[in-house]
Amino acid sequence: MFYFLIAFSLDQRVGNRFVPLTDFYFWPQTDAWEGMKEFLEGEEFINQDEAIFILNQITEVINLWQDKDLNHARNFNLIYKKFPLVSFLNSSQIGFEPTQNNLEG
């Protein structure tokens with residue numbers, strides 16, 4: 001069975017490493033956009049322009065994912081080109097295995 005969830009998180013680059021700043025916000029299970037917005041509003045080191053950019057990227061990814069004409073499994077090259085600053089990982093790369101319990105919230 002396939003589950004079509006998108007997990008959003010925000011990392012900060014420190015040298016050659018990435019440090020996670022947030023947990024994962026799973027869409028559509030939760031309002032990932034609102035969760036990220038609340039996080040960004042509470043962080044003084046992220047300016048308003050950066051916050052708007054991040055939230056716009058989340059909106060665009062969700063909108064693209066909802067596009068019924070796009071076969072996501074075959075068009076990851078298009079997605080990578082459209083969002084060069086976004087990292088896309090599969091569930092095994094983030095240690096998430098979907099179950100009925102964690103899909104229901």
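Some observations on this one:
- Förster-model FRET efficiency, 30 Å R0, A7 and I52, C-beta, rounded to 0.05: 0.90
- Backbone amide hydrogens, once placed in the peptide plane, bring L21 within less than 5 Å of L10, D11, Q12, excluding anything fewer than 5 places away on its chain.
- With the simple model of a label 7 Å out from the Cα in the direction of the Cβ, V19 to K82 spans 3.3 nm.
- The charge dipole of segment 30-89, taken about its Cα centre with unit charges on the Cβ atoms of Lys, Arg (+1), Asp and Glu (-1) only, comes to about 580 debye.
- Computed from backbone phi, the HN-Hα couplings of segment 15-28 come to x, 9, 10, 10, 10, x, 9, 10, 6, 7, 9, 8, 10, x Hz, rounded to whole numbers (Karplus: 6.51 cos²θ - 1.76 cosθ + 1.60, θ = phi - 60°; Gly and Pro given as x).
- Coupling constants for segment 50-60 follow from the phi torsions by the Karplus curve (6.51 cos²θ - 1.76 cosθ + 1.60, θ = phi - 60°), and in residue order they are 5, 4, 4, 4, 4, 5, 5, 5, 4, 4, 5 Hz; glycine and proline get x.
Read-outs: derived from the displayed coordinates by stated rules, not from any lab. These figures come from a predicted structure and were not determined experimentally. Reconstructed Cβ throughout: ideal geometry from the backbone, glycine too, with neighbour counts over all protein chains shown.
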